[in-house]
1. Roughly how big is region 2-74's charge dipole about its Cα centre, with Cβ charges of +1 (Lys, Arg) and -1 (Asp, Glu), in debye to the nearest 20?
2. Take every DSSP beta bridge with both residues inside the chain and express the antiparallel ones as a percent of the total, to the nearest 5.
3. At 1.4 Å probe size, with every protein chain present, just tell me what the per residue accessible area of region 2-74 comes to in Å².
4. Taking the DSSP beta bridges in region 2-74 as the whole, what percent of them are antiparallel, to the nearest 5?
5. Please give the FRET efficiency for K73 paired with R118, using the beta carbon to beta carbon distance and R0 = 30 Å, rounded to the nearest 0.05.
6. For the chain, give the magnitude of the charge dipole about the Cα centre (Cβ charges: +1 Lys/Arg, -1 Asp/Glu; no others), in debye to the nearest 20.
7. Considering the options L188, A76, T102, tell which one lies farthest towards the positive end of the dipole of the chain, charges being +1 on Lys and Arg and -1 on Asp and Glu at the Cβ, about the Cα centre.
8. Of L134, L160, L122, which is the most mobile in a GNM of the chain whose springs link Cα atoms less than 10 angstrom apart?
Amino acid sequence: MLRIHGIARSRAFRCIWAAEEAGLPYEVVPVGFGAEHKPEVLKVNPNGKIPALQDGDLTLFESLAINLHIAAKAGAPLMPAGDDASRVLQWTLWAATEAEPTHQQWAYNTYVRPPEQRDPALARAGAEALAPRLAVLEKHLAAGGPWLLGANFTIADCNLAAVLYGSWLNGFDYAPYPKVKAWLDACLNRPAALKARKLREG
Ligand SMILES: N[C@@H](CCC(=O)N[C@@H](CS)C(=O)NCC(=O)O)C(=O)O
């Protein structure tokens, strides 16, 4: 049984979605915002953050690494073999290092922080920095698709779409990126994603 520590309103959303895609039994150990630094949470994530995963003797932190582990347990097509496994890693690292920091800068200054703590200039700069990355994604999807690796949905789609989910839901202008928009629509309306979204969006 996978034990996902966190709540769906946190990045644990990604891991719940992945577990649903994998069709593996899991339970959510509810750790909310503000509880991340409690001793019992630090035992599973020494960073004092959520999510964390326990799978038997294995304890993991980092949401996207957790998702790679979940997908590896499920095997193909969620985690393909060979060159496609490397492509999954490429898009997952791209999600974490290229998409997420710029995306979060926009998100924190648009809808995450309380209004008085938002800086519109930082939001604009985040969106401007995200734009060339989305252009790369748009070109990639236009050349292939419907999923990141082609014919099959993989954990790479889950990981990248989960990173972009907040902007998709909160009014980011995806009009210049119609392929990205269509791909996000398809990812985030999959039955497994809808189950995780229900926990988060109510
Ligand atoms: N890179 C980490 C980030 C985890 C993270 O920042 N989680 C947030 C909630 S979504 C958190 O626990 N923040 C508490 C804090 O930073 O003190 C991951 O993807 O798991």
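The values are calculated or read from the model by the stated rules, or taken from the named source; none is laboratory data. Computed from a prediction, not measured in an experiment: that's the story for all the values here. Every residue, glycine among them, receives a Cβ derived from its backbone with ideal geometry; neighbour counts consider all protein chains shown. Areas reflect the complete protein model, heavy atoms only, side chains present, ligands, DNA and RNA absent. Shrake-Rupley method; radii C 1.70, N 1.55, O 1.52, S 1.80 Å.
1. On the way: 8 positive and 8 negative charges, 42 e Å.
Its charge dipole is roughly 200 debye.
2. Values: 9 of 14 bridges.
Of all bridge pairs located within the chain, approximately 65 percent are antiparallel.
3. On the way: 3400 Å² over 73 residues.
Using a 1.4 Å probe on heavy atoms only, each residue of region 2-74 averages 47 Å².
4. On the way: 8 of 13 bridges.
Percentage antiparallel, nearest 5: 60.
5. 0.15
6. In total the dipole reaches around 320 debye.
7. My answer, from the dipole projection, is L188.
8. L122
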